[in-house]
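Here is the structure we will look at, set down as structure tokens.
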Amino acid sequence: MNAPVQFVDPALPRHDWRKDEIEALFELPFMELVFQAAQVHRRWFDPSELQLSQLLSVKTGGCAENCGYCSQSASFKTGLQASKLMDADTVIAAAKAAQAGGAQRFCMGAAWRDLKDRDLPKVAAMIGGVKALGLETCATLGMLTADQAVALKDAGLDYYNHNLDTSPEYYGEVVTTRTYQDRLDTLAHVRDAGMSTCCGGIVGMGETRSDRAGLLHQLATLPAHPDSLPVNALVPVGGTPLGDRIKVEGELDGIEFVRTIAVARLVCPKSMVRLSAGREGMSKELQALCFLAGANSIFVGGKLLTTPLPGMDEDTLMLADLGMRPMTMGAQA
Ligand code: SAM
Ligand code: DTB
Ligand code: SF4
């Protein structure tokens, strides 16, 4: 007698994804892929809700890393004006304004290779002040030690953003000043400290579809799926190696970008999939396809860290057009 066929619910999170299974998802007919992703999305989330986060660059430029996409690396001449770490009061005032504009989460970004202990008191004061406003707190400050992760958690930090950026195979084409393993180590410290992880990558850097599948394979097989999974579309910045190259080669096709969002939704079904950098250049229709394929979070405000965003007026109109509304706090990962 044949063994009974076991029904495996496709919406349940799995940690044993194989890369070839993820590549096969990318190969599905587009309509089928988006339909599957939309179904999984609806199992865990209200598809009319969108999480709104706002970013602030609390320390801009002059970074010691050489990430080939980044406006803030000291290795490239991008014309960016570098600045010192902001005072906690300035950051808290910006967070208040973001909250008044509708943001639910406030993310503080610093152009650092790693956090230095001497900066911890100031960073802890800004995190504590933002948390006291009733906002969710997120920070992205480069690599952390285990002790620093605990100190940030104690200061009131809810989320730490640290991206894997691309596949292990393509990584060396993007950055050479820190390793993939360095990034995995920081993520482990964040998890061990009890903070939620925000971890994703960038597409459109000249990588192959297999690299996009490789990035999602890494994310889907982490000890815990990222609570937030940002999918950034490369913003080509003049003077950076990747920005200059992509300006010649052309940007990633929108349909392939939507495929990446859909596969992210399928392999990390309970993560908040964030349509992050690059939204400025996207039509309302392309963004709508991303939301259909399972993206349920965006950055709002006029600016990401150093590059532009559509701005709140345009986004409010888009949400109204699509019949979408900001996610209620607490419903989100
Ligand atoms: N220095 C910290 C770090 O790298 O961990 C934090 C800030 S860094 C700017 C945060 C992330 O923004 C990067 O990991 C990358 O994924 C994304 N990013 C930076 N520049 C970008 C660009 N030009 N286009 C798309 N994404 C970008
Ligand atoms: C993430 O993955 N994207 C955000 C956030 N995490 C920190 C940053 C995007 C930065 C885009 C380039 C810039 O504005 O400088
Ligand atoms: Fe520095 Fe972060 Fe930019 Fe890399 S991505 S150069 S670490 S600010």
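Listed by position, the helices (runs of 4 or more DSSP H) contained in the stretch 253-333 that have at least 3 residues being over 30 Å from ASP16 (Cβ atoms) and either modelled with pLDDT of 95 or more or within 16 Å of ligand 2 (Cβ to nearest atom) (or both) are 284-292, 312-322.
Does the stretch 247-282 hold any residues that are among the β-branched types (Val, Ile, Thr) and either closer than 17 Å to ARG212 by Cα or in contact with a Lys or Arg (Cβ under 9 Å, 6 or more places away or on another chain) (or both), and which are they? The answer is ILE255, VAL258, THR260, ILE261, VAL263, VAL267, VAL273. Every residue in the stretch 113-137 that is of a type outside the set (A, V, I, L, M), away from ligand 3 (no atom under 15 Å from the Cβ) and closer than 25 Å to CYS67 by Cβ, please. Answer for the stretch 113-137, where residues must be of a type outside the set (A, V, I, L, M), away from ligand 3 (no atom under 15 Å from the Cβ) and closer than 25 Å to CYS67 by Cβ: ASP117, ARG118, LYS122, THR137.
Listed here are the residues, each with its yes/no results for (1) away from ligand 1 (no atom under 11 Å from the Cβ); (2) crowded, with 23+ Cβ neighbours inside 10 Å; (3) of a type in the set (Val, Ile, Thr).
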{"site": "GLN39", "(1), (2), (3)": "yes, no, no"}
{"site": "ARG43", "(1), (2), (3)": "yes, no, no"}
{"site": "SER73", "(1), (2), (3)": "no, yes, no"}
{"site": "THR78", "(1), (2), (3)": "no, no, yes"}
{"site": "GLN81", "(1), (2), (3)": "yes, no, no"}
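For the stretch 32-77, a tally of residues being assigned to a loop (DSSP other than H, G, I, E, B) and polar (S, T, N, Q) returns 6. Among the residues making up the stretch 159-174, a single one is surrounded by fewer than 20 Cβ atoms within 10 Å (Cβ to Cβ), under 19 Å from the mean Cα position of the chain (by Cα) and not aromatic (Phe, Trp, Tyr): PRO168.
In the set (1) out of contact with any helix residue (DSSP H, G or I) (no Cβ under 7 Å at 6 or more places or on another chain); (2) touching a residue at least 24 places away in the same chain (Cβ under 8 Å), LYS122 fails one condition alone, (1).
Looking across the stretch 51-65 at every residue that is within 18 Å of the chain's Cα centre (by Cα) and within 13 Å of ligand 2 (Cβ to nearest atom), the one that is nearest to ASN296 (Cα to Cα) is identified as SER53. Selection of first residues in the stretch 157-171 that are more than 19 Å from SER53 (Cβ to Cβ) and of second residues that are charged (D, E, K, R) and within 11 Å of ligand 2 (Cβ to nearest atom), restricted to Cβ pairs under 8 Å at least 6 apart or on distinct chains, gives the following pairs, ordered by first then second residue: TYR171/ASP165. Confirm whether ALA110 is small (Gly, Ala, Ser), buried (at least 16 other Cβ atoms within 10 Å of the Cβ) and more than 21 Å from the chain's Cα centre (by Cα). Considered against the rule, which asks whether it is small (Gly, Ala, Ser), buried (at least 16 other Cβ atoms within 10 Å of the Cβ) and more than 21 Å from the chain's Cα centre (by Cα), ALA110 comes out as no.
Residues that are in contact with a strand residue (DSSP E or B) (Cβ under 7 Å, 6 or more places away or on another chain), in contact (Cβ under 8 Å) with a residue 24 or more places away in the chain and within 16 Å of ligand 3 (Cβ to nearest atom): does the stretch 33-51 have at least one?
Of all residues in the stretch 33-51, those in contact with a strand residue (DSSP E or B) (Cβ under 7 Å, 6 or more places away or on another chain) come to 48-51.
From what is left, the residues that are in contact (Cβ under 8 Å) with a residue 24 or more places away in the chain are 48-51.
Those left that are additionally within 16 Å of ligand 3 (Cβ to nearest atom): none.
No; the residues of the stretch 33-51 include none that is in contact with a strand residue (DSSP E or B) (Cβ under 7 Å, 6 or more places away or on another chain), in contact (Cβ under 8 Å) with a residue 24 or more places away in the chain and within 16 Å of ligand 3 (Cβ to nearest atom).
Kindly provide the set of residues from the stretch 213-252 that are within 16 Å of the chain's Cα centre (by Cα), in a loop (DSSP other than H, G, I, E, B) and within 15 Å of ligand 3 (Cβ to nearest atom), ordered by number. Residues satisfying the conditions are LEU234, VAL235.
When the stretch 51-68 is limited to residues that are under 24 Å from VAL174 (Cα atoms) and among the polar types (S, T, N, Q), the one that is nearest to ligand 1 (Cβ to nearest atom) turns out to be SER57.
The values are calculated or read from the model by the stated rules, or taken from the named source; none is laboratory data. What you are looking at is a predicted structure, and each value in this text was computed from that prediction instead of being measured. Positions of Cβ are backbone-derived with ideal geometry, glycine not excepted, and every protein chain shown enters the neighbour counts.
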